[in-house]
Amino acid sequence: MKKKILYFALGFSLLTACSASTDCHDKSIPFNQTVETCDRKVHRTMAEMVGVTDSMPRNVYPGQTRWNKRPNVPEEWCSGFWDGCLWYDYALTGKQDVLQAATETGERMLYLAHAPLFDHDLGFLTITSLLNGYRFSPDSTERNICRNALLAAADSLALLFNPRVGTLLSWPRNIDMFGGHNTIMDNMLNLELLFWAADETGCEDLRTIAVSHADTTMAYHFREDGTCYHVAVYDPLTGKHLYNCTHQGLNDSSVWARGQAWAIYGYTMVYRYTHEPRHLAMAEKATDAYLCLLHAQKDCDYVPYWDFCDPRGDKAPRDASAAAVVASALYELQQYVDSAKAIEYTEQADRMMVSLSADYMASDDCPAILLHSTGHHPAGSEIDAAIIYADYYFLEALYRLSHTLGSSTE
Ligand code: GLY
């Protein structure tokens with residue numbers, strides 16, 4: 001009983017310290033209408049992709065009416081997201097033409113099972129495409145093909161593990177640039193491939209690697225207040241943590257919004273597999289830090305600036321992809337936390353989805369679903385663009401919303 005009162009008090013203080021001051025939108029998303037709009041966009045991209053077999057949709061800049069595409073190779077971390085969009089659209093609508101497109105697109109990702117390992121993004125590439133194929137395909141032969149490819153990919157991904165450090169190396173090509181074994185927060189998401197493969201096969205080594213990565217990242221990648229650095233660098237020989245820095249954020253001490261989103265999503269997913277209270281606590285701490293910074297923006301927009309510390313404030317580019325990642329994660333996280341927090345996290349996720357659907361949906365001229373994401377601001381790349389992964393996590397959030405709360409949100 002005492003515990004419950006304490007939880008309530010903490011929840012209350014979080015809300016009072018960090019609550020948003022403005023409330024401009026309805027609290028719930030027009031669910032059916034939003035799914036219809038997304039499905040229309042997915043069909044439009046399906047038409048654009050007819051006969052395109054060697055590349056995948058990546059981004060659309062303002063004024064453009066077709067996707068800029070990138071080759072389907074292990075060096076392109078976003079190649080799996082289009083297949084994932086198709087799988088979630090199929091899961092939401094049950095349409096057979098979407099199923100066929102998802103299956104055919106997924107077949108183009110199978111080569112990854114035996115391609116030379118490039119970097120940690122093998123996880124993003126296969127989880128979004130083949131793991132969703134394994135989960136959603138109604139055809140047992142197709143599911144088995146996905147399963148075999150995923151198991152081979154998991155073994156390949158595990159080769160990046162350095163037992164002295166305790167994490168997977170993210171970018172082998174950047175060891176000299178960072179002066180050591182580099183691990184980025186984004187890498188947390190790739191642990192899903194290892195946990196899933198461990199559950200499928202009973203291979204405890206894969207689970208041990210994934211847990212070690214999550215625990216080491218917890219120890220060295222976060223500040224006291226629950227915000228995270230983008231990169232942690234370790235001595236590959238001694239395993240000693242050397243320093244933290246950013247690669248895609250504003251600076252080393254800033255909070256890159258999508259990096260924080262990866263942390264929230266990553267520890268929520270890890271808890272799904274480990275049921276370890278420390279992983280749940282990390283997911284909550286990262287979430288509460290994100291919500292505090294989001295509410296400090298003091299407007300009715302639940303989409304963050306690309307970096308919470310951008311001194312331009314409301315003139316800074318936003319990142320719709322970060323909002324979509326966090327909304328999707330919170331629909332999962334709300335299942336694991338106490339009831340006061342579950343209500344709060346669900347309401348926050350709903351508000352993010354309302355902001356995205358009210359103010360960020362692309363018009364019919366644009367093939368993408370969401371506008372206004374920021375890819376790599378310091379490199380001047382994909383600033384204020386529609387990017388395929390924002391659409392993927394938005395569709396995933398819609399799917400999770402329909403399952404956790406029922407689709408009576410119209
Ligand atoms: N994983 C790369 C990014 O979030 O931009």
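Quick notes on this one:
- Fully extended contour minus Cα-Cα distance, from Ala47 to Gln64, at 0.36 nm per residue: 4.5 nm
- For the range 43-128: rounded, prolate or oblate by the Cα gyration tensor [a/c cutoff 1.5]: oblate
- Accessible area per residue in Å² at 1.4 Å probe, computed on the chain: 39
- Straightening the chain between Gln33 and His403 buys 131.5 nm, computed as 0.36 nm per residue apart minus the Cα-Cα spacing.
- Computed E for Gln96/Leu237 - FRET, C-beta separation, R0 60 angstrom, nearest 0.05: 0.65
- Placing unit charges on the Cβ atoms only, positive for Lys and Arg and negative for Asp and Glu, gives the chain a dipole magnitude near 560 debye about its Cα centre.
- Surface composition of the chain: carbon plus sulfur atoms contribute 54% of the solvent-accessible area (1.4 Å probe, protein chains only, all chains present).
- For Lys27, solvent-accessible area (1.4 Å; no DNA, RNA or ligand), Å²: 110
- Nearest-0.05 FRET efficiency for Leu159 and Arg312, computed from C-beta distance (R0 41 Å): 0.50
- Gyration tensor verdict on the range 232-384 (Cα atoms; rounded if a/c is under 1.5, prolate if a/b is larger than b/c, oblate otherwise): oblate
- The largest accessible area among Met361, Met109 belongs to the first residue in Met361, Met109, and the rest follow in falling order (1.4 Å probe, all chains).
- Largest to smallest accessible area among Arg108, Arg258, Arg164 [probe 1.4 Å]: Arg164, Arg108, Arg258
- Cα-projected label distance for Ala296 with Ser339, points at 7 Å along beta-carbon direction, nm: 3.3
- In the assembled protein chains, Tyr243 presents an accessible area of approximately 80 Å² (probe radius 1.4 Å).
- Relative contact order [Cα under 8 Å, 6+ residues apart], the range 261-398, whole percent: 23
- Relative contact order computed over the range 188-346 (Cα-Cα under 8 Å; 6+ residues apart), in percent: 19
- Amide proton proximity set for Thr167, modelled H, under 5 Å, gap of 5+: Asn162
- Computed with a 1.4 Å probe over protein heavy atoms only, the accessible area of Arg272 comes to about 60 Å².
- Spatial offset of the range 51-83 relative to the range 212-286 amounts to 29 Å, using the alpha carbon center of each.
- Scaling against 2.2 N^0.38 Å puts the C-alpha radius of gyration of the chain at 0.93.
- Each Lys or Arg adds one and each Asp or Glu takes one away; over the other residues whose Cβ falls under 11 Å from the Cβ of Gly80, this sums to -2.
- Potential extension, Asn144-His275 segment - 0.36 nm per residue separation minus Cα distance: 44.4 nm
- Overall form of the range 133-259 per C-alpha gyration tensor (a/c, 1.5; a/b vs b/c): prolate
The values are calculated or read from the model by the stated rules, or taken from the named source; none is laboratory data. Note that this is a predicted model, so its numbers are computed, not measured. Here the Cβ is made from the backbone with ideal geometry for all residues, glycine too, and neighbour counts use every protein chain on show. Just so you know, the surface numbers come from the protein's heavy atoms only, side chains and all, with ligands and any DNA or RNA stripped out. Shrake-Rupley method; radii C 1.70, N 1.55, O 1.52, S 1.80 Å.
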